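Report on the following structure.
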Amino acid sequence: MTLEIISAFEVSFKGEVDAVTLPGEMGSFTVLRNHAAIISVLSDGDVIYKQGEEEHSIHIKGGIADVNNNVISVCIY
């Protein structure tokens with residue numbers, strides 16, 4: 001599945017991932033392949049994504065996540 005992390009100023013990450021954990025306003029949640037469509041408000045925390053055995057993270061102050069058809073779009077501020 002594809003993860004896109006973007007802000008008004010730059011594309012922080014765009015690539016294929018196996019799993020993504022997002023800091024939702026009501027608590028963190030993990031998105032795997034074929035996840036149901038969802039839109040969520042994100043709070044201060046880390047976006048953690050896995051590519052094979054490697055795990056990476058990007059700290060965000062907040063934003064919005066849209067999950068649809070194996071594309072996770074994260075707009076951050």
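The values are calculated or read from the model by the stated rules, or taken from the named source; none is laboratory data. Since this is a predicted model, take the numbers as computed values, not measurements. So basically every Cβ, Gly included, is an ideal-geometry build from the backbone, and we count neighbours across all protein chains shown. Note: accessible area is taken over every heavy atom of the protein model, side chains too, but ligands, DNA and RNA are not part of it. Shrake-Rupley method; radii C 1.70, N 1.55, O 1.52, S 1.80 Å.
Considering only alpha-carbon pairs that sit under 8 angstrom and 6 or more positions apart, the relative contact order computed for the chain is 33 percent. By accessible area, using a 1.4 Å probe on protein heavy atoms only, the chain has 53% of its surface on carbon and sulfur.
Let me make sure I get this right: for the chain, a, b and c are the square roots of the gyration tensor eigenvalues over alpha carbons, sorted descending. Under 1.5 in a/c it's rounded, otherwise prolate if a/b > b/c, else oblate. Which is it?
Numbers: a/c = 1.32, a/b = 1.16, b/c = 1.14.
Because its axes are fairly even, with a/c under 1.5, the chain counts as rounded.
Compute the Cα gyration tensor for segment 4-43, then decide on rounded, prolate or oblate, letting a ≥ b ≥ c be the square roots of its eigenvalues: rounded whenever a/c is under 1.5, prolate when a/b is larger than b/c in the other cases, and oblate in all that remain. Write out the running numbers ahead of the final one.
Numbers: a/c = 2.06, a/b = 1.19, b/c = 1.72.
Taking the square roots of the gyration eigenvalues as a ≥ b ≥ c, segment 4-43 is oblate.
Taking other residues whose beta carbon is less than 12 angstrom from the beta carbon of VAL71, and scoring Lys, Arg as +1 and Asp, Glu as -1, yields -1.
Counted by Cβ distance under 9 Å from SER40, the other residues give a net charge of -2, where Lys and Arg count +1 and Asp and Glu count -1. Counting 0.36 nm for each residue step from ILE64 to GLN51 and taking away their Cα separation leaves a gain of 2.5 nm.
Extension gain for the segment ASN34 to ASP18, taken as residue separation times 0.36 nm less the Cα-Cα distance, is 4.7 nm to one decimal.
Can you work out the accessible area per residue across the chain, with the rest of the protein chains kept in place, probe 1.4 Å, in square angstrom?
Details: 4670 Å² over 77 residues.
Accessible surface, normalised per residue, equals 61 Å².
Find out how many positive minus negative residues lie around LEU3, taking Lys and Arg as positive, Asp and Glu as negative, among other residues whose Cβ is under 9 Å from that of LEU3.
Here the count lands on -1.
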